[in-house]
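Engineer: Take this structure first; my questions come after.
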């Protein structure tokens, strides 16, 4: 049986290197991404001669598939890296996370042993041998069978933050058992009870901890930092002062795409002021959204005009960037965009402000916070302009209740670190 498993592993690695890498990956990733990946791979192996004995150091490898996963891991990475004996490795898969990774690397300084693109499937074993992590942490439902095999062989535990019982985990579990006969030690961190139950059925011998979503901690920390007098906070305060005489309530369409603008058939409720923050602020994109607003009979002024004309104005088009989270604090309700295209954007920021929230349905099932907010009544998914109009008529704010619920959802980062201490030591 042991010999057969070695054969299966060898065949799997050959398939990855001889078929997937040369024939499939070119259709998935850009040539620039592949070249950068090769350079990062060479950089890892150049560390072999310099690789130190980890000794008493707690060296942890964090791996994120894309920018969303890296966002979930970032509060854990930042908190862990503040420890005196901590070293971190941070890798990504998608180009979408490169900018966020660069910012994270700059903030962590000398705590990073290596950061860049992860090795392709079939090459994890060599990287683990060189980098020598005590623990590897991924996010959500990204799972690589060969990685799990190598972790098991090298007795390196695996932790998955924001874990959800998706197909990728089932496939990785099955293939890992075929190739290795056993799984690595795995700790699953979930946000919701339903996710814990589903994972427990798949991985009955693994440790499963319901801790919440660490992105709540990240957003709250940013809001608290902005409250101390950031440039973003000052700009929002200036806008709010200029618009002080504009009619209430104030509602915001946040991170909207042209597809979201189909919800507007006319000025909402005939009163109040609409604030619109496009997802992109290039002139072509802003012009399309502005035209949609005018077609819906809104009197539009751009925030960049620096002088907001109150008379006859019922819509502020924010053609600046960098202060959406702060702008939420002045709103009475929020629509979060993206739900009629690639996927709804973050609902955590308006939730932490205690706002009634609406969003389109696309991608809503990818986020645990959406499920929590739907259950609490703070979030409503709308499927048409009629749904949106009805929501505007009947929405009932419960700000104090929702603020308390948002506060209770924070704290996942510390819970995760506490469990990881017991795994590492």
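Engineer: Can residue 266 be described as within 23 Å of residue 356 (Cβ to Cβ), out of contact with any strand residue (DSSP E or B) (no Cβ under 6 Å at 6 or more places or on another chain) and not in a helix (DSSP H, G or I)? Can you show your working first?
Structural biologist: On the way: within 23 Å of residue 356 (Cβ to Cβ): yes; out of contact with any strand residue (DSSP E or B) (no Cβ under 6 Å at 6 or more places or on another chain): yes; not in a helix (DSSP H, G or I): yes.
Criteria met by residue 266.
Engineer: For the range 186-241, how many residues meet the condition of being crowded, with 20+ Cβ neighbours inside 10 Å and at positive phi?
Structural biologist: 1
Engineer: Only one of (1) at pLDDT 95 or above; (2) farther than 22 Å from residue 273 by Cβ; (3) part of a helix (DSSP H, G or I); (4) touching a strand residue (DSSP E or B) at 6+ places or on another chain (Cβ under 8 Å) fails for residue 423. Which number is that?
Structural biologist: Of everything listed in (1) at pLDDT 95 or above; (2) farther than 22 Å from residue 273 by Cβ; (3) part of a helix (DSSP H, G or I); (4) touching a strand residue (DSSP E or B) at 6+ places or on another chain (Cβ under 8 Å), residue 423 misses just condition (1).
Engineer: Going through 236, 256 one at a time, which residue ends up being within 22 Å of the chain's Cα centre (by Cα) and either modelled with pLDDT under 90 or under 30 Å from residue 367 (Cα atoms) (or both)?
Structural biologist: Values: 236 fails: within 22 Å of the chain's Cα centre (by Cα).
Exactly one residue qualifies, and that residue is 256.
Engineer: Is there a residue being in contact with a helix residue (DSSP H, G or I) (Cβ under 7 Å, 6 or more places away or on another chain), in the same structural domain as residue 14 (by TED's automatic domain parsing), at pLDDT 95 or above and not in a helix (DSSP H, G or I) anywhere in the range 91-100?
Structural biologist: Within the range 91-100, one or more residues are in contact with a helix residue (DSSP H, G or I) (Cβ under 7 Å, 6 or more places away or on another chain), in the same structural domain as residue 14 (by TED's automatic domain parsing), at pLDDT 95 or above and not in a helix (DSSP H, G or I).
Engineer: Now for a different question. Tally time: how many residues in the range 328-344 are surrounded by fewer than 19 Cβ atoms within 10 Å (Cβ to Cβ) and farther than 18 Å from residue 391 by Cα?
Structural biologist: Selection size over the range 328-344: 4.
Engineer: I'm trying to understand the selection: among the residues of the range 390-420, which are outside any helix (DSSP H, G or I) and touching a helix residue (DSSP H, G or I) at 6+ places or on another chain (Cβ under 8 Å)?
Structural biologist: Keep residues of the range 390-420 that are outside any helix (DSSP H, G or I), which gives 395-398, 410-411.
Across the range 390-420, the qualifying residues are 410, 411.
Engineer: Tell me which of these residue 247 doesn't satisfy, since it passes every other one: (1) assigned to a loop (DSSP other than H, G, I, E, B); (2) touching a residue at least 40 places away in the same chain (Cβ under 8 Å); (3) out of contact with any strand residue (DSSP E or B) (no Cβ under 6 Å at 6 or more places or on another chain); (4) surrounded by fewer than 20 Cβ atoms within 10 Å (Cβ to Cβ).
Structural biologist: (3)
The values are calculated or read from the model by the stated rules, or taken from the named source; none is laboratory data. Quantities reported herein were computed from a predicted structural model and do not represent experimental measurements. With ideal geometry, Cβ positions are generated from the backbone for all residues, glycine too; neighbour counts draw on all protein chains shown.
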